[in-house]
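Have a look at the structure below before the remarks.
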Amino acid sequence: MRILAMTTALAALLTTTSAAWATDVTILTPYISSIPTNEMAQSFKAEGEKRGWNVTIIDTRNDFGQLASRMEDTVNAKANAIVLISTDPGQVGDQVALAAKAGIPVISLDGSKNENVAVNVTSNNFELGTQLSGALFKAIGGKGNIVKFFHSAHPGVHQRELGLDAELAKNPGIKVIADHFVKVPGPVDDGRIAMENILKQHGDKIDAVWAAWDDPGVGAELATESELPDSKLIIMGIDGSEQAVEMIKSCTHYKATFRQDFPKMAAIGAEQLEKILAGGKAEKDEIFVPAVMITAESLGVKCP
């Protein structure tokens, strides 16, 4: 019995010690309802758990005041590291600085650079914006009317908008006849409702829809199928979401998307954080992960 008691006590001690030595990493984001953001968060959590980290995900449902508050809580709880996903660190600049002062490393996925963020792992979003715009403009013959769906609060999406602006300046034959700031959470439904109203106002005058990411583009396709199914307008977006890809496969108005490699972003972010936690530094302050254009042709589908 003494041996059993000693064994039990030793096991409890080892468990307690192990817990005390565990690496606690907290993911913070205001956009977990977004498919890409959730994919990054879950992928990073899996990468962290492979390394023996305790990974917690905190979502604030598009509330940046709450994001700041929860980040302060995380710093006060003495987490070993913080991961911001789909967030401009400048929007919680005081809290990021507070983490730096406390010696807690902060990294970013799908965000932007900041003096107190060790590394931002993302797509080159300005380039994505120009690629999407170039493909869309080419598909409508270099002239026509487009609808723009955007969300400037997200740093990556804002860069895509700047890419669109740059391409519009080179293509005077393209006109933005309507735009919509997409509400998050619920970007698919918000995109659908907005597109229904835009179709009622502009109808056949619309040649194309520029969707800064796939969710509102999917909503625009649902609205078009419902309100004006015979329209020749085309839709293109970014992210390579499952819904968008299925629509492309089905030869709908949705013609292309640019697939970002979110699991790779998470894997690279985990690799960089592992180096930092071991006392090293990230390779650089920003690492770009390439995206791939997906069309019916690339999927092996022939559309009429």
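When the dipole is taken about the Cα centre of the chain, and only Lys, Arg (+1) and Asp, Glu (-1) are charged at their Cβ, what size is it in debye, to the nearest 20? Taking the Cα centre of the chain as origin, the dipole is about 440 debye. Under 5 Å between amide hydrogens, built in the peptide plane, is the criterion, and for GLY144 it picks out ILE174, LYS175 among residues at least 5 positions away or on other chains.
Peptides 63-76, 239-252 ranked from most to least packed by the mean count of surrounding Cβ atoms within 10 Å: 239-252, 63-76. Between amide H atoms placed 1.01 Å from N, distances below 5 Å from ILE238 occur with TRP213, ASP214, PHE258, all of them 5 or more places distant or on a separate chain.
Separation of the range 122-141 from the range 232-304 is 13 Å, based on Cα centroids. Taken over the C-alpha atoms, the range 98-205 has Rg and Dmax values of 17.4, 57 angstrom.
For the peptides 213-221, 166-174, the ranking by mean Cβ contacts within 10 Å, running from highest to lowest, is 213-221, 166-174. Post the alpha-carbon centroid distance, the range 158-183 to the range 18-97, in whole angstrom. With the range 158-183 and the range 18-97 each reduced to a Cα centre, they are spaced 32 Å. For the pair GLU246 and GLU72, a Förster radius of 41 Å applied to the C-beta separation gives a FRET efficiency near 0.50, rounded to the nearest 0.05. Toward the positive end of the charge dipole of the range 230-275, with +1 on the Cβ of Lys and Arg and -1 on the Cβ of Asp and Glu, the farthest Cα among PHE262, ILE238, CYS251 is that of CYS251. Put in line by how crowded their Cβ is, counting other Cβ atoms within 10 Å and starting with the fewest, SER133, SER152 read SER152, SER133. Sorted into 10 angstrom bins from 0, the C-alpha pair distances of the range 125-259 split as 14, 51, 34, 2 percent. Peptides 45-56, 24-35, ordered by how many other C-beta atoms sit within 10 Å of their residues on average, highest first, read 24-35, 45-56. Evaluate 2.2 N^0.38 Å with N set to the residue count of the chain, then give the Cα radius of gyration divided by it. Taking N as the residue count of the chain, the ratio is 1.16. About the centre of its Cα atoms, the range 76-145 shows a dipole size close to 120 debye [charges on the beta carbon of Lys, Arg (+1) and Asp, Glu (-1) only; nearest 20 debye].
FYI, it's all coordinate maths here, none of it is from the lab. No experiment lies behind these values; they were computed from the predicted model shown. Note that each Cβ is placed from the backbone with ideal geometry, even for glycine, and that neighbours are counted across all protein chains shown.
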